[in-house]
Every structure is written in structure tokens, then in C-alpha cells.
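To keep things clear, I will list the structure first and then write my remarks on it.
The values are calculated or read from the model by the stated rules, or taken from the named source; none is laboratory data. Predicted, not measured: the structure shown is a model, and the values here were computed from it. Positions of Cβ are generated from backbone atoms using ideal geometry, with glycine treated the same way; all protein chains shown enter the neighbour counts. Side chains are part of the model used for accessible areas, which takes the heavy atoms of the whole protein and leaves out ligands, DNA and RNA. Shrake-Rupley method; radii C 1.70, N 1.55, O 1.52, S 1.80 Å.
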Amino acid sequence: MTEPWEKVVPYQQVPEGIGSLSAEHCGSCHQDHYAEWKLSTHANAWTDLKFQSELKKESSPSFCINCHIPLENQQEHIVLGMFDGDIYQPATIKNQRWDRKLQNEGITCAACHVRENAITGPTGTKKAPHKTIKDTKHLSESLCLNCHNATAVITPTLACSFETGDEWSAGPFKDEKNCIDCHMEQLERPFYLVMKQGRAAFIPFLVLEFQSILL
Ligand code: HEC
Ligand code: HEC
Ligand code: HEC
Ligand code: HEC
Ligand code: HEC
């Protein structure tokens, strides 16, 4: 098991300073990001009926789920290995730390943004209430290609082939625009703050910086 999608992203603790890994919780502060994500296919990567019905077929091996719910926190069972190297005979144990709600969020915020128990972002800002690390290497097209460029023949009738990365590399945009430039176009977003248990989380620098504040 060497491909990125053959493995899970190891268990992540809730980063210091926030209450949960769920997209809904992230969305209590990052309201626009949440609204955009909620409409994306990524948010439905697990609940998608077409995916669920394919997954229930006997021909679908367990690693199907690693691109659709990539964090260990989201998976009900932990795969320790394969008996006789057979992908249809995984040795599993029950995941005691399984988070069912996070599973339903599919490719949730944390799937891309939480590593080493901290939030990864493009700036590593110190203004966040949560621990943040700058990681532009991770948040590059290589993140997308972990899942969007895989070819596997599983049985003579079951094959997976997404060559979006190779298509992009061979095309005219390779040195101009990557997946993120086109699919996550830059926007100016206001920053919203929420009332937390009657305590207004009002931080003046945010007003200056984002010029928009909602309570
Ligand atoms: C390498 C990562 C990866 C693995 C492993 C993977 N998928 Fe997917 N799956 C994707 C991506 C990426 C898409 C979207 C492809 C696109 O639209 O270009 C997708 C889309 C799908 C869809 C289409 C959903 C829809 O509504 O159109 C189904 C069904 C699906 N996958 C089932 C499976 C099954 C069954 C397996 C196991 C055999 C599996 N996937 C394994 C990455 C993966
Ligand atoms: C498929 C991966 C992916 C998912 C899912 C995802 N993001 Fe991101 N996010 C990125 C990438 C890549 C960047 C860096 C974009 C850039 O180059 O500036 C980013 C940037 C950001 C930024 C900083 C830049 C900005 O726009 O202010 C915030 C905040 C953010 N994401 C929050 C979220 C939240 C909240 C969710 C869930 C509701 C989420 N993201 C889901 C990949 C993802
Ligand atoms: C209590 C409010 C709050 C919650 C909850 C919250 N964030 Fe943030 N986040 C912030 C603030 C404030 C910033 C800093 C904005 C700035 O630097 O201008 C930030 C920054 C970020 C960034 C940018 C980091 C960088 O390096 O540029 C990302 C990505 C991000 N958050 C993702 C998340 C994710 C994912 C979650 C949920 C697991 C989450 N946040 C939960 C308030 C929050
Ligand atoms: C953890 C694996 C994973 C990562 C990382 C990932 N994707 Fe996806 N992506 C998927 C899966 C799975 C689907 C299909 C979900 C479904 O239809 O059930 C998908 C769907 C999409 C779609 C919509 C395809 C359609 O047919 O509607 C786009 C566009 C997309 N991803 C772009 C990106 C970009 C850009 C990045 C990098 C910032 C990225 N993805 C990162 C797994 C991933
Ligand atoms: C120059 C801009 C651009 C770049 C770069 C780009 N895309 Fe796209 N992508 C698009 C557009 C526009 C569409 C819609 C095409 C259509 O509907 O016919 C699309 C379609 C897709 C789809 C299918 C969506 C659907 O609805 O079926 C996926 C998945 C995807 N891109 C992923 C990626 C990934 C992964 C990368 C990086 C390797 C990437 N794209 C790079 C502009 C881009």
C-alpha cells in the first residue's frame, strides 16, 4: 500500500483553540467558505447515493473509501493489512475514535486543512484562534492529484481511472494556472464573527482588516 489513496490520513485531534473538526463548526466563523463547500461535490462524497450503491457491491474493496472519506477519524474500521495481500480480505479492527458525523461530511474542511493536529493554510496566520501552520506545499495541486490522478484495475470489470492531473500536465495551462487557480478562484470575503455563549468574540483588528462584521 504505497499510493496516497491506499492509506488514510492518520487520526487528527481537534486543533488547539477550537471545539470540533466538523465543517459546520469551522463554518461558525468561516461562513462563506462553509457555504461554498456545502454546495460542492466534495461535501457529498460520502452521502452520494451513486457512491453508496457502488460501495455496497461485493466487487468494491475497502480502499474505495480513502478518497471519499480520507481521515481516519471518519472511518468506522481501521485496516491493519490484507490477508495474503488480497484487497478483498482486509484485516480490520473497530475504530474506537470513529466520528460518524464527520464521516457524513465526506471531503470535509479537515480533509485538506488539518495535519499534525493543526490547521494548514496558505499564510500560517497568527490571528486565528486555532493553531495554524503554513503549508503551501501541501495546499497545492499535489493535494488534488492525490485523489484526482489515479488509475487502478481492480477486477476485469472494475477499473478506476482519473487522469485529470496528467491531462492538466499535458495541456496549455501547466505553467500558468493550476487546479486551485481555476477551481478555487480568489475572492474577497468578509469575515464573520459569532457570539459564543453570550460572550461577543469581537476582535478589533478583524474589523479593520475585513471591514465587515456580523454578530
Ligand atoms: C484515487 C481516489 C479514489 C478512489 C480510490 C475511489 N474514488 Fe470514487 N471518485 C474519485 C474522484 C476524484 C471522483 C470524481 C471524478 C470526476 O468527476 O472526475 C469519484 C467519483 C466516484 C463516483 C461518481 C459519483 C457521482 O455521483 O457521479 C462513484 C460512484 C465512485 N467514485 C465510486 C467509487 C468506488 C466504488 C470506489 C472503489 C472501487 C472508488 N470510488 C474509489 C476518487 C476516488
Ligand atoms: C479539497 C481541499 C479543500 C477543502 C475540502 C477545503 N479547503 Fe480551504 N483551502 C484549500 C486550499 C488548496 C487553499 C489555499 C488556496 C490558496 O492557494 O490560497 C484553501 C484556503 C482556505 C483558507 C484561507 C484562504 C482564504 O480564502 O481566506 C481558509 C480560511 C479555508 N480554506 C477554509 C476552509 C473551510 C472552512 C473549509 C470547509 C468548509 C475548507 N476550507 C475546505 C483546500 C480546501
Ligand atoms: C472561532 C472562530 C474560528 C473557528 C471555529 C475556525 N477558524 Fe479558522 N480562522 C479563524 C480566524 C480568525 C483566522 C485568521 C484570519 C486571518 O488571518 O485573517 C482563521 C484562519 C484560518 C485559515 C487560514 C490559515 C492560513 O494559514 O492562512 C484556515 C485554512 C482555517 N482558518 C481553517 C479552519 C478550519 C478547517 C476550521 C475547522 C476545523 C476552522 N478554521 C475553525 C477563526 C476560526
Ligand atoms: C481526498 C480526496 C480528494 C481530494 C484531496 C480532492 N478531491 Fe476533488 N473530488 C474527490 C471525490 C471523491 C469527488 C467526487 C465526489 C462524488 O461525486 O461523490 C471529487 C469531486 C471534485 C470535483 C467535481 C467533479 C464532478 O464530477 O462534479 C472537482 C471540480 C474537484 N473534485 C476538484 C478538486 C480540486 C481542485 C482539488 C484540490 C484543491 C480536489 N478536488 C481535491 C476527491 C478529492
Ligand atoms: C484553466 C482552468 C482549469 C485548470 C487549470 C483545471 N481545471 Fe478542472 N475544470 C475547469 C473547467 C472550466 C471545467 C468544466 C469543464 C466542463 O464543464 O466541460 C473543469 C472540470 C473539472 C472536473 C470535472 C467537473 C465536472 O463537473 O464534471 C474535475 C474533476 C476537475 N476539473 C479537476 C481538476 C483538477 C484536479 C485540476 C488540476 C490537475 C484541474 N481541474 C485544473 C477548469 C480548470
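What are the pairs, 6+ residues apart or on separate chains, where a residue within the stretch 154-177 that is assigned to a strand (DSSP E or B) has its Cβ under 9 Å from a residue that is open to solvent by 80 Å² or more (accessible area, probe 1.4 Å) and within 11 Å of ligand 5 (Cβ to nearest atom)?
Filtered contacts from the stretch 154-177: PHE162/HIS148; GLU163/HIS148.
For the stretch 55-74, enumerate the residues that are within 16 Å of ligand 5 (Cβ to nearest atom) and open to solvent by 40 Å² or more (accessible area, probe 1.4 Å).
HIS68, the sole residue that qualifies.
Kindly indicate whether ILE93 is over 15 Å from the mean Cα position of the chain (by Cα) and part of a strand (DSSP E or B).
For ILE93, the condition - over 15 Å from the mean Cα position of the chain (by Cα) and part of a strand (DSSP E or B) - is met.
Based on this model, can you work out whether LYS50 counts as at negative phi, without any contact (Cβ under 8 Å) to a residue 24 or more places away in the chain, part of a loop (DSSP other than H, G, I, E, B) and of a type outside the set (Phe, Trp, Tyr)?
no
For the stretch 78-93, state whether one or more residues are of a type in the set (Gly, Ala, Ser) and either within 12 Å of ligand 4 (Cβ to nearest atom) or buried (at least 18 other Cβ atoms within 10 Å of the Cβ) (or both).
No, because not a single residue in the stretch 78-93 is of a type in the set (Gly, Ala, Ser) and either within 12 Å of ligand 4 (Cβ to nearest atom) or buried (at least 18 other Cβ atoms within 10 Å of the Cβ) (or both).
Report every pair of residues separated by at least 6 positions or lying on different chains whose Cβ atoms are under 9 Å apart, first residue within the stretch 27-41 and outside any loop (DSSP other than H, G, I, E, B) and hydrophobic (A, V, I, L, M, F, W, C), second open to solvent by 70 Å² or more (accessible area, probe 1.4 Å) and modelled with pLDDT of 95 or more.
Here the result reads CYS29/PRO129, each pair linking the stretch 27-41 to a residue that is open to solvent by 70 Å² or more (accessible area, probe 1.4 Å) and modelled with pLDDT of 95 or more.
Taking interchain pairs and intrachain pairs at least six residues apart, which have beta carbon atoms under 7 angstrom, with the first residue in the stretch 64-78 and over 11 Å from PRO10 (Cα atoms) and the second among the aliphatic types (A, V, I, L, M) and part of a helix (DSSP H, G or I)?
Within 7 Å, the pairs are CYS64/LEU55.
Given (1) more than 19 Å from ILE154 (Cβ to Cβ); (2) part of a helix (DSSP H, G or I), where does ASP84 come up short, assuming only one miss?
(1)
Identify, please: which residue in the stretch 127-144 is within 8 Å of ligand 2 (Cβ to nearest atom) and not in a helix (DSSP H, G or I) and is, among those, least open to solvent (accessible area, probe 1.4 Å)?
SER140
Scanning the stretch 96-114 for residues that are within 15 Å of ligand 3 (Cβ to nearest atom) and not in a helix (DSSP H, G or I), which turns out most open to solvent (accessible area, probe 1.4 Å)?
Ranking the qualifying residues of the stretch 96-114, first place goes to ASP99.
Can you give me the number of residues within the stretch 26-54 that are open to solvent by 50 Å² or more (accessible area, probe 1.4 Å) and of a type in the set (A, V, I, L, M)?
3
Just a yes or no: is a residue in the stretch 17-25 more than 12 Å from ligand 4 (Cβ to nearest atom), exposed (fewer than 13 other Cβ atoms within 10 Å of the Cβ) and at positive phi?
Within the stretch 17-25, one or more residues are more than 12 Å from ligand 4 (Cβ to nearest atom), exposed (fewer than 13 other Cβ atoms within 10 Å of the Cβ) and at positive phi.
Taking the stretch 115-126 as the search range and keeping residues that are under 19 Å from LYS7 (Cβ atoms) and not in a strand (DSSP E or B), which one is most open to solvent (accessible area, probe 1.4 Å)?
GLU116
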